[in-house]
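These notes are about the structure you will find just below.
The values are calculated or read from the model by the stated rules, or taken from the named source; none is laboratory data. Remember, predicted model here, so these are calculated numbers, not experimental data. We place every Cβ from the backbone using ideal geometry, glycine too, and count neighbours over all the protein chains shown.
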Amino acid sequence: MAMVQVTQAQNAAHAKADGHHFAQNNRARIGSISGIARHALAAVLFCGTVLAAAPLHANGVAGDYLAARQASFAGDFKAAAEYYGRAVLYDPENPQILERAVLANVSLGDLDRAAGIADKLIAEGYRSQLAQMALIARDTRNENYEAVIGAINEQRGAGPLADGLIKAWAQLGMGDMTSALVSFDEVAGLQGLGAFARYHKAMALASVGDFESAAGTFEGDAGGMSRTRRGIMAQAEILSQLDRNQDALVLIDTAFGGALDPGLTQLQTALEAGETVPFSHVRSARDGIAEVFYSLAGALSSEDNDDLTLIHARLAQYLRPDHVDALLLTAELLDEMEQYALAVATYAEVPEDSEAYHAAELGRAEAFRQQDQMDEAIAVLQGLTESHGDLPIVHSTLADFLRQDERYAQATDAYTTAMGLFDEITEREWFLHYARGITYERRDMWPEAEADFRAALALNPNQPQVLNYLGYSLVEKQIKLDEALEMIERAVAARPNSGYIVDSLGWVLYRLGRYDEAVGHMERAAELMPIDPIVNDHLGDVYWAVGRKLEAEFQWKRALSFVDWENAAEEADPDRIRRKLEVGLDQVLAEEGAPPLRAAGVAQDGADDEG
């Protein structure tokens, strides 16, 4: 019947509105840098750029420049780099074009090309901090530490905070550990920057094998970067080098408890086995300078400045291509900036033998999904079930993608596999039952669906999504109506501004024949979701039921205007709406063999006992 189609459409819309149970990044941080340090970053990181706009001379350069600007505004770094590159050929001395070309190429990750353009900018006598950063990165990659120190001494560095740390690492690279330690201490003396300096000093000491001093430096730093995941793991490796595996295990347990990702699990297993874990976080001065840029990127990520964060992450990635945390941060930023093709490529750079490979593949699948490339996304996840099939999140994420792609039987199996991998199903796993219940409901397997929905509520009794979905489904099946109404009322109390849930309350009252009560709720749902075809269609039906027929017809016409014809199967039934406009709701109900409106509110004798 047509009403069943509408029910399935709204249930599909509800499922879509719930969002998806996608994987979260495994690089969880515990603690953050001080507020003073964060504000200092905003003040000092990017203060010496070229500001004056130079005139554009030829039609060719103007066209490429405008195209490049448009690409930059859209966040399309690849196109911006291409157009700015062409503009530079037309006008090779224009500082504005040169600097923007540097920015586009750094953002794209092409640091060699960025440094080449930066050479031209600096050679013309212009000061650009971004250009200087690109040149310092190139000199560092070439291990030309004398040039790095010279640039910083001549105030051609990467910024006040970065310069002190970079100089210290460059001094270490030249074999002058004494001067390096002095430089680290000088940075530590600056207000709010002690956490950065102590973290890097400890890393530097460990990189040259002075693990005792490194451990003491970390232990003297009660917060800041030493409390991040990366800092904890570095300390654990240092403690292991000192035959203090038990202390390392206590450190990990205190910081993370049982919430360990594969990398932490691998480290914990090695420590418990009595292995001496090598120090791997910083192996050279070049790694150390990469760590400076990564540290700043991590700090900037909390400042809602994706562009600056991306620049620093790209510099870290350039200096140390195997810096997996920098790769993941870069890919996540590109994802957030809707540069999904670049995100896919960056996630793919994480090697398969990395402990973060599964996180990268989950991210890559999500980036494919964002591009509507569901087959590619699902293929990535299916491959991950072969390499990391012991992780519940792999199967649950695959199930989410399959559910979105309407492969419900496969999704059911994937959710079942995910549940079987938990030692114990706890409150946190309510979503798995809920999502699997949706797949059963879409397959017309109602007893299994209801069992899963009720299992989800047993784990999380007041979860509004579950209350709404189960309550709405019971109403459409005309069973357990009193319980259904109570569920939906609880859902509305929890989410009074959810249009889908408010719509459910209005609709259940309509189905119960309580038309006057339904009007206010349906009007509220339409206010919350004014262009949703299902909500407008429902409001039209309610208006018709209370005799407001002109308003009903207006709402049905609105519903038709909002139908997404490419996904009409998940929208209000347009043919049914047109028929209502032709002959009215009463006649449509009669044609469908449904009870007339006047009888809709009659008590359903025995209905509440069904199921």
(message) If Asp335 satisfies all but one of (1) over 26 Å from Glu146 (Cβ atoms); (2) out of contact with any Leu (no Cβ under 8 Å at 6 or more places or on another chain); (3) buried (at least 24 other Cβ atoms within 10 Å of the Cβ), what's the number of the condition it fails?
(response) (3)
(message) Any residue at all in the range 596-608 that's within 44 Å of the chain's Cα centre (by Cα), closer than 23 Å to Glu483 by Cβ and either modelled with pLDDT under 95 or of a type in the set (S, T, N, Q) (or both)?
(response) yes
(request) Report yes if Ala331 is assigned to a helix (DSSP H, G or I), closer than 30 Å to Glu99 by Cβ and within 16 Å of the chain's Cα centre (by Cα), otherwise no. (result) yes
(request) Could you pull out every one of the helices (runs of 4 or more DSSP H) wholly within the range 230-325 that has 3 or more residues that are buried (at least 23 other Cβ atoms within 10 Å of the Cβ), touching a residue at least 12 places away in the same chain (Cβ under 8 Å) and among the hydrophobic types (A, V, I, L, M, F, W, C)? (result) 285-300, 306-319
(message) Report every pair of residues separated by at least 6 positions or lying on different chains whose Cβ atoms are under 8 Å apart, first residue within the range 487-502 and free of Cβ contacts under 8 Å to residues at least 40 places away in the same chain, second charged (D, E, K, R).
(response) Gly499/Asp532; Ile501/Arg495; Val502/Arg524
(message) Out of the residues in the range 204-229 meeting the condition of being in contact with a helix residue (DSSP H, G or I) (Cβ under 6 Å, 6 or more places away or on another chain) and closer than 20 Å to Ala326 by Cβ, tell me which one is modelled with the lowest pLDDT.
(response) Gly224
(message) For the range 341-357: of the residues being more than 19 Å from Asp110 (Cβ to Cβ) and in contact with a helix residue (DSSP H, G or I) (Cβ under 6 Å, 6 or more places away or on another chain), which is surrounded by the most Cβ atoms within 10 Å (Cβ to Cβ)?
(response) Val350
(request) Could you list, in sequence order, all residues of the range 236-277 that are modelled with pLDDT under 95 and either closer than 23 Å to Leu319 by Cα or basic (Lys, Arg) (or both)? (result) Gly263
(request) Taking the options Met445, Met522, name whichever one is touching a His at 6+ places or on another chain (Cβ under 9 Å) and either buried (at least 21 other Cβ atoms within 10 Å of the Cβ) or at pLDDT 95 or above (or both). (result) Met522
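One line per residue, one yes/no per condition, for (1) within 30 Å of the chain's Cα centre (by Cα); (2) part of a loop (DSSP other than H, G, I, E, B); (3) modelled with pLDDT of 95 or more:
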| site | (1), (2), (3) |
| --- | --- |
| Trp507 | no, no, no |
| Asp541 | no, no, yes |
| Trp556 | no, no, yes |
| Glu566 | yes, no, no |
(request) Under 6 Å between Cβ atoms, at least 6 apart or on separate chains: pull out the pairs that start in the range 151-175 with a residue that is farther than 18 Å from Ile122 by Cα and outside any helix (DSSP H, G or I) and end on any residue that is among the hydroxyl-bearing types (Ser, Thr, Tyr) and modelled with pLDDT of 95 or more. (result) Met174/Tyr145
(message) Condition (residue is touching a Lys or Arg at 6+ places or on another chain (Cβ under 8 Å) and polar (S, T, N, Q)) applied to the range 380-400: is it met by at least one residue?
(response) no
(request) Could you list, in sequence order, all residues of the range 326-355 that are within 17 Å of Gly298 (Cα to Cα) and touching a residue at least 40 places away in the same chain (Cβ under 8 Å)? (result) Leu328, Leu329, Thr330, Glu332, Met337
(message) Filter the range 429-480 down to the residues that are among the charged types (D, E, K, R), free of Cβ contacts under 8 Å to residues at least 12 places away in the same chain and part of a helix (DSSP H, G or I) and list them by number.
(response) Glu448
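Here are Ile531, Ile577: which of them is β-branched (Val, Ile, Thr) and either part of a helix (DSSP H, G or I) or under 24 Å from Ile479 (Cα atoms) (or both)?
Sole residue among the options that is β-branched (Val, Ile, Thr) and either part of a helix (DSSP H, G or I) or under 24 Å from Ile479 (Cα atoms) (or both): Ile577.
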(message) Can you tell me which of (1) over 19 Å from the mean Cα position of the chain (by Cα); (2) surrounded by 14 or more Cβ atoms within 10 Å (Cβ to Cβ) is the one Phe422 doesn't meet?
(response) (2)
(message) I'd like the residue in the range 168-203 that is small (Gly, Ala, Ser) and within 33 Å of the chain's Cα centre (by Cα) and, out of all such residues, is modelled with the highest pLDDT.
(response) Ala202
(message) Quick check on my filter: what residues within the range 176-189 are in a helix (DSSP H, G or I) and not charged (D, E, K, R)?
(response) Met177, Thr178, Ser179, Ala180, Leu181, Val182, Ser183, Phe184, Val187, Ala188
(request) State which residue is farthest from Leu327 (Cα to Cα) when the search covers only the range 123-161 and only residues that are surrounded by fewer than 18 Cβ atoms within 10 Å (Cβ to Cβ) and hydrophobic (A, V, I, L, M, F, W, C). (result) Ala123
